[in-house]
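The values are calculated or read from the model by the stated rules, or taken from the named source; none is laboratory data. Computed from a predicted model, the values in this text were never measured in an experiment. When we count neighbours, we look across all protein chains shown, and the Cβ atoms used for this are built from the backbone with ideal geometry, even at glycine. Remember, those area values only see protein heavy atoms, side chains included, never the ligands or the DNA or RNA. Shrake-Rupley method; radii C 1.70, N 1.55, O 1.52, S 1.80 Å.
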Amino acid sequence: MEKRVVFSKLGLPILLVAPQIVITLVFFIWPASQALYQSLLLEDAFGLRSQFVWLDNFIALFSDPHYLDSFARTVVFSAATAGLSLGVALFLAAMADRVLKGATAYRTLIVWPYAVAPAVAGVLWFFMFNPSIGVLAYLLKWLGYDWNHYLDGTDAMMLVILAASWKQVSYNFLFFLAGLQAIPRSLVEAAAIDGARPFKRFWTIIFPLLSPTAFFLLVVNIVYAFFDTFGIVHATTSGGPAQSTTILVYKVFSDGFIGLDLGGSAAQSVVLMAVVITLTVFQFRYIERKVAY
Amino acid sequence: MAGLEFIGVRKTYPNGVQAIHGIDMAVADGEFVVIVGPSGCGKSTLLRMVAGLETVTEGEIRIGENRVNELEPADRNIAMVFQNYALYPHMSVFDNMAYGLRNRRTPRDEIARRVAEAAGTLQLEGLLDRRPGQLSGGQRQRVAMGRAIVREPEAFLFDEPLSNLDAKLRVQMRLEIKRLQRALGTTSLYVTHDQVEAMTLADRLIVMNAGVAEQVGRPLEIYDAPATLFVAGFIGSPAMNFLPGTVADDGSGANLDGVDRTLLVAPPASAGRGRIMVGIRPEHLEPVSREEAAMEVVVELVEALGADSLVHGLLADGGEGAAVTVRLDGARRVAAGEVLSLAVAPNHVHFFDPDDGKRLA
Amino acid sequence: MVENRPWLTVFSHVVLCLGVLVTALPIWIAFVASTHPADSMLSGRTPLLPGGHMIENYATVLGSGVRAAGSIPVGTMLWNSFVMALMIAVGKIAISIIAAYAIVYFRFPLRRTCFWVIFITLMLPVEVRILPTFGVVASLGMLNSYWGLSVPLIASATATFLFRQFFLTVPEELAEAARIDGAGPFKFFRDILLPLSRTNIAALFVILFIFGWNQYLWPLLVTTDEGYYTIVMGIQRMLQAEDAEPAWHEIMATSMLAMLPPVLVVVFMQRLFVKGLIEQEK
């Protein structure tokens, strides 16, 4: 889509895009290309000499069991977080769409965790599950389960998944509710006249119409789980115990900043870039197709 | 006040599409000229070129004595009324009208005076503080007019200003525009696809088709003597009947295809002896007795409008059957299947060259 | 809903109330903890009802800070967060709206290239280019400064696309009418486009303010000077206390303070906030 009428000045538009372009080039494109370049280099421990090693860093990366472990953990973490937060949000949104009275009030009360920083969300759950003083850890102990995310990797993983999902439900809920409310009432009424009961109606009429929203949210949630959850992990488990919560973003950070492995960290960055690019392209292709739908 | 002149104006878009194929014409000071044509004929492009919203590829446009090709829209001293009104939605009616004057650094009290005057003329006095969103379609239309009037421009440009109104309001606003233009005496260029609007408003008409001005003239001139088949078909409602035929051997008439008698109206000498296209308007066919008839038509469908009835039929012995429309007095009752014997008003038969579509004279 | 099924409606309300409770639980616990003295936390488990030390705890963290985190008053951190969030929100909106204006309303060489350069930023979140971006900021001498905290984050493809999308829906005749009314590119932007974008700007501001406030990784990298700590990262510093058990009552008080401003923004500007979020999908 293009505008017909345009101003014909030359210098002005360039001046107008300049700030955005300069910042993008300096803080996005240049660092990204640096990462790309460094991922092909091997530096000695003091950073004095570097050697061009082509894809050696990537080969090393994908033959490193720690990295592959981390990759697998990230996939589990993302799937669990996306699944949990999408499922809960859809359920709540379907309920909120049903009740005529108070839908807005429920929305307000469910939506606000969106404003909570992931790191803070992590700290709140970290506190509630604290093995010695946490409320929920105490409750679990009473039920016969000895929770300890300091020692048990599975507990730690559950903790970050719960914290990440708790925060993300609000966002998903908002979109699902908006999507549900955008479905024409007459369609649902027509289905009711055709004899479909509420539950059947939901799966045969409402959910298919909601699928573009659901797909959009799926991509957003995966991106969220891959990248925005850094704060949750870093502020609480620090990737532990025994690397059981070291997801990929956390690993880039710790290998680069703490381990000072520049080439390896850069290679990891490049892999992550590839992930985001794939997801973004996927999303945009889908949205283009959605227009025809 | 000033006239307007097009000298060899052409428009070619960057993608190579030719929108205007050379227009030459002068609009006199104070004249109301309507550009009419089907959509895509280039009429809006021509208007926008006068406004300065499209560049002129070739030729010259003059407002008054001045070439304006290179001037910014704001410097051409014109005002424009858009199809969707293009009112600034966040400004009050007053500010909408005043905005252009403020940009020209018109003194404050002068702005107030002019807006008040325009508001008085257009009956907008009570609405000056409202936003466009709070107005009805007709009121918005008036505000758009007001915005044009307060500028006191050399020329008004109207781009299908009535097409967003409902039928009743359109008729009312049409009269108002005409009255206003008379009162102000401002040169006006008005684009429309509606030939009724064109006929009623225009001092002179430009009928455009595919980037070419097919005919320029006063409305009734064009109605009485359309220069081409296109103009003949476009102006007048319902449209003129076109019946192909051959010039009779002695040149005294035309043998219409599917009619077994000769139409006894002599084509102009320039027609020669070959094929010819005969045009007859529905209102120039008249039911008569069988003996006097020039043709017979089997009635298919009747649209009774009250004052008159439109009868759609087929030539009685026309084989495949050429369609003919007849306008009859509303009092006359006709039923489908009936055969009408029709005579033709001899002064109202039009002859066209079937090859190039030009009127034969 | 279409037919009347009272039990289903009751069920819906029960589910929703449960959802609300689970949503609120962490906050309630945090609030309770922030109102108790340090020793009631060490006694084994957190109490479930508020205690009487609310004012002391909040006064301590706001005024003198938490020892383990270098005793930076939380008040300072709040201010830093506020400045950073404001700079990011205003900066993003400002550079995005003018860039979108240029791209939609002008034709100039490299226009498409500019569009793609901006588009690419969508695919490069900070997290994937941590080290080199840190390198750039360090070599520009922007570490430990408000500029360093905000400027690298203010290039935004989403905001630019949002404005572009909106500008494309503004009728072309409006720009034409403005040209005839004698408004040049600057006046058209100031008098017509900017006022028309008001709600979009406000909605975006809400989203971006929260985005800026909640930044974590970036401030962690570029601030070593405690005077520039933001509150969200400051909490992490408190948790990494050398002594065995963190000062939970103070950490929770700080967490409450860290959540308060963005949560208030969301609750009180819900309409704008919802609009801002939903529009990003398009």
Rounded to whole Hz, the Karplus (6.51, -1.76, 1.60) HN-Hα couplings of the range A:67-77, x for glycine and proline | 5, 5, 4, 4, 4, 4, 4, 5, 4, 4, 4
Return the distance in nm (one decimal) between the two label points of a simple spin-label model at A:LEU260 and B:ALA225, each offset 7 Å from Cα along Cα→Cβ.
-> 10.0 nm
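I'd like the FRET efficiency for B:HIS348 and A:LYS101, computed as 1/(1 + (r/R0)^6) with the beta carbon distance as r and R0 of 60 Å, rounded to 0.05. Intermediate values should be presented prior to the final figure.
On the way: r = 73 Å, r/R0 = 1.21.
Calculated transfer efficiency: 0.25.
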Length gained if B:THR55 through B:HIS21 is fully extended, taking 0.36 nm per residue and subtracting the Cα-Cα distance, is 10.8 nm
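Rounded to a whole number, what % of the accessible area of chain A do carbon and sulfur atoms account for, probe 1.4 Å? Please report the intermediate quantities before stating the final value.
Numbers: 9130 of 13220 Å².
Carbon-and-sulfur percentage of accessible area, whole number: 69.
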Count, for each residue of A:166-175, the Cβ atoms from other chains sitting within 10 Å of its Cβ, then give me the mean as a whole number.
-> 2
Sorted by packing (mean other beta-carbon atoms within 10 Å per residue), highest first, where do C:207-220, B:95-108 land?
-> C:207-220, B:95-108
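Can you tell me how the range A:35-188 classifies by the Cα gyration tensor, rounded, prolate or oblate, using a/c under 1.5 as the rounded cut? Intermediate values should be presented prior to the final figure.
Numbers: a/c = 2.92, a/b = 1.61, b/c = 1.82.
Judged from the Cα gyration tensor, the range A:35-188 comes out oblate (a/c at least 1.5, b/c at or above a/b).
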Would you be so kind as to list the residues of the range A:132-147 that have their accessible area lowered by at least 10 Å² in the full protein complex compared with their chain by itself (1.4 Å probe)?
-> A:SER132, A:ILE133, A:VAL135, A:LEU136, A:TYR138
Once amide hydrogens are built 1.01 Å from N within the peptide plane, the residues lying 5 or more places from B:VAL324 or on another chain with amide H under 5 Å from its amide H are B:GLY313, B:LEU314, B:LEU315
Taking θ as phi - 60°, what are the ³J(HN,Hα) couplings along the range A:255-269 by the Karplus curve (6.51, -1.76, 1.60), each to the nearest whole Hz, with x for Gly and Pro?
-> 5, x, 8, 9, x, 6, 9, 5, x, x, 5, 5, 4, 4, 4
Listed by chain and number, the residues whose amide H is under 5 Å from that of B:GLY3, excluding neighbours fewer than 5 places away on the same chain and using placed H, are B:ASP29, B:GLY64
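If you stretched the chain out fully between B:LEU305 and B:VAL171, how much longer would it get, using 0.36 nm times the residue separation minus the C-alpha to C-alpha distance?
Numbers: separation 134, 0.36 × 134 = 48.24 nm, distance 1.80 nm.
Gain in length upon complete extension: 46.4 nm.
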Using +1 on the beta carbon of Lys and Arg, -1 on that of Asp and Glu, and nothing else charged, what's the dipole of the range C:133-247 about the Cα centre, debye to 20?
-> 400 debye
So what's the angle, to the nearest 10 degrees on a 0 to 90 scale, between helix C:248-268 and the longest Cα principal axis of chain C?
-> 30 degrees
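Expressed as a whole percentage, what fraction of the accessible surface of the range C:101-224 belongs to carbon and sulfur atoms when a 1.4 Å probe is rolled over the protein heavy atoms? The partial results should precede the final answer.
Numbers: 2690 of 3900 Å².
Whole-percent figure for carbon plus sulfur exposure: 69.
Please report the antiparallel percentage of DSSP beta bridges with both residues in the protein assembly as shown, rounded to the nearest 5.
Taking every DSSP beta bridge within the protein assembly as shown, about 75 percent pair in antiparallel fashion.
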Interface burial for C against B (accessible surface, 1.4 Å probe, total of both chains, Å², rounded to 100) | 1700 Å²
Suppose R0 equals 56 Å; then what is the FRET efficiency for B:THR12 and A:TRP30 from their Cβ-Cβ distance, rounded to the nearest 0.05?
-> 0.80
For chain A, what does the alpha-carbon gyration tensor say about shape, rounded, prolate or oblate, given a ≥ b ≥ c as the root eigenvalues, a/c under 1.5 as rounded, and a/b over b/c as prolate?
-> oblate
Pop a pseudo-label 7 angstrom from the Cα along the beta-carbon direction at both C:GLN165 and B:SER39 and give the gap in nm to one decimal.
-> 2.8 nm
Quick one: what are the phi-derived ³J(HN,Hα) couplings along the range B:126-133, Karplus 6.51/-1.76/1.60 with θ = phi - 60°, whole Hz, x for glycine and proline?
-> x, 10, 4, 8, 7, 8, x, x
Rough spin-label spacing in nm, given labels placed 7 Å along Cα→Cβ, for B:ASN103 and C:GLU226 | 5.8 nm
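Which FRET efficiency value, to the nearest 0.05, do you get for C:PHE31 and A:ARG285 by plugging their Cβ-Cβ distance into 1/(1 + (r/R0)^6) with R0 = 45 Å? If you can, show how the numbers build up before the last one.
Numbers: r = 45 Å, r/R0 = 1.01.
Efficiency, from the Cβ-Cβ distance: 0.50.
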Rounded to a whole %, the carbon-and-sulfur portion of the accessible area of the range B:6-55 at a 1.4 Å probe is 52 percent
Crossing angle, helix C:270-279 versus chain C [Cα axis fit, 0-90 degrees, rounded to tens] | 60 degrees
Give the interface area between chains C and A as buried accessible surface, both sides summed, probe 1.4 Å, in Å² to the nearest 100.
-> 9800 Å²
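How much length, in nm to one decimal, is gained on full extension between C:TRP79 and C:PHE268, taken as 0.36 nm per residue of separation minus their Cα-Cα distance?
66.0 nm
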What average count of beta carbons from other chains do you get within 10 Å of the Cβ of residues in C:262-268?
-> 4
Selection from C:LEU168, C:HIS249, B:PRO238 lying farthest towards where the dipole of the protein assembly as shown points positive, charges on Cβ = C:HIS249
Amide N proximity, the range B:339-355 versus B:ALA361 label position 7 Å along Cα-to-Cβ, cut-off under 20 Å = B:346-355
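Quick check on the protein assembly as shown: helices-only [θ] at 222 nm, where DSSP H runs of length 4 and up contribute -39,500 (n - 2.57) each and the sum goes over total residues. Nearest 500, please.
The per-residue figure over the protein assembly as shown is -15500 deg cm²/dmol.
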Among residues of the range C:77-117, a drop of 40 Å² or more in 1.4 Å probe accessible area, assembly relative to the chain on its own, occurs for C:ILE95, C:ILE98, C:TYR105, C:PHE106, C:ARG107, C:PHE108, C:VAL117
For the protein assembly as shown, accessible area per residue (1.4 Å probe, heavy atoms of protein chains only), Å² | 43 Å²
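Using the Cα centre as the reference, give the magnitude of the dipole from point charges on the C-beta atoms of the protein assembly as shown (Lys, Arg: +1; Asp, Glu: -1; all else neutral), rounded to the nearest 20 debye. Provide the component values of the computation, followed by the final result.
Numbers: 72 positive and 81 negative charges, 371 e Å.
Roughly 1780 debye for the protein assembly as shown.
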Any chance you could give the angle, 0 to 90 degrees and rounded to 10, that helix C:198-213 forms with the longest Cα principal axis of chain C?
-> 40 degrees
